[in-house]
1. I want to confirm something. Restricting to the range 158-180 and keeping residues that are part of a helix (DSSP H, G or I) and in contact with a helix residue (DSSP H, G or I) (Cβ under 8 Å, 6 or more places away or on another chain), which single residue is surrounded by the most Cβ atoms within 10 Å (Cβ to Cβ)?
2. Name the single residue that is nearest to residue 41 (Cα to Cα) among those in the range 163-185 being modelled with pLDDT of 95 or more and among the small types (Gly, Ala, Ser).
3. Consider residue 90 against the criteria (1) under 20 Å from residue 150 (Cα atoms); (2) part of a helix (DSSP H, G or I); (3) among the hydrophobic types (A, V, I, L, M, F, W, C): it satisfies all of them except one. Which criterion is unmet?
4. Kindly check whether there is at least one residue in the range 91-103 that is surrounded by 17 or more Cβ atoms within 10 Å (Cβ to Cβ) and more than 14 Å from the chain's Cα centre (by Cα).
5. Mind checking whether some residue in the range 144-152 is surrounded by fewer than 17 Cβ atoms within 10 Å (Cβ to Cβ) and either within 13 Å of the chain's Cα centre (by Cα) or β-branched (Val, Ile, Thr) (or both)?
6. Kindly establish whether residue 118 is out of contact with any Gly (no Cβ under 9 Å at 6 or more places or on another chain), closer than 27 Å to residue 163 by Cβ and in a strand (DSSP E or B).
7. Return yes when residue 76 is surrounded by fewer than 24 Cβ atoms within 10 Å (Cβ to Cβ), modelled with pLDDT of 95 or more and outside any loop (DSSP other than H, G, I, E, B) and no when it is not.
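The values are calculated or read from the model by the stated rules, or taken from the named source; none is laboratory data. Note that the structure is a prediction, hence the values are computed from the model and not measured. Here the Cβ is made from the backbone with ideal geometry for all residues, glycine too, and neighbour counts use every protein chain on show.
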Amino acid sequence: MSVVAIVPAAGKAERFGGEKLVVDIKGEPLLNWTLWSLLDGGVGKVVVVTAPGADFRTVKLTTDPRVLLVVNADPSRGMLSSVQTGLSIVSGDPLLFLPADMPFINSSTVTAIVTACIRRQRVIVPVHHEQRGHPIAVPGLLRRQILSAPAEATLKDALGDAERIELPVSDPGILRDVDRPADLD
């Protein structure tokens, strides 16, 4: 099986003040940490979906042959449009979806989510202290359904009534996104 992750990275980062995906965390750009968690967790291909004009030259993992950058021509349509942009150029099973601004997820959590999706062939949603988080894993057979959803919808809408299984994890990183500079503390 070829595990593929779609990483929406086309947001404006207005609450952060812009440029959040290249902000330094322990000597590395934030986006590198997000990509490491996926690649070290067993993902074979990561598609990072950017906005037009995005500059990720300082993010060294974007040159890794397992990472592909693609541009969402109109990210104002919402995050699902970025998911669809990424899915339109790759296929895999399972498919993971992880917003780019989530650098605190353990790679072992990614591995557990992938393993659960392969074993159960259901949508897997990680849960920490009764809160749902990311990344979400989806069986490849739902790819067409996601691609055909209206871009203004959410991934939840696109998945419709597909059965979801909550996977309890001990990783608080599944809940930690970076919206403001204070979220890095």
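1. 174
2. Ranking the qualifying residues of the range 163-185, first place goes to 173.
3. Every listed condition holds for residue 90 apart from (2).
4. Yes, the range 91-103 contains a residue that is surrounded by 17 or more Cβ atoms within 10 Å (Cβ to Cβ) and more than 14 Å from the chain's Cα centre (by Cα).
5. Checked against the condition, which is being surrounded by fewer than 17 Cβ atoms within 10 Å (Cβ to Cβ) and either within 13 Å of the chain's Cα centre (by Cα) or β-branched (Val, Ile, Thr) (or both), the range 144-152 yields no hits at all.
6. Values: out of contact with any Gly (no Cβ under 9 Å at 6 or more places or on another chain): yes; closer than 27 Å to residue 163 by Cβ: yes; in a strand (DSSP E or B): no.
When the stated conditions are applied, residue 118 does not pass them.
7. So residue 76 fails the test.
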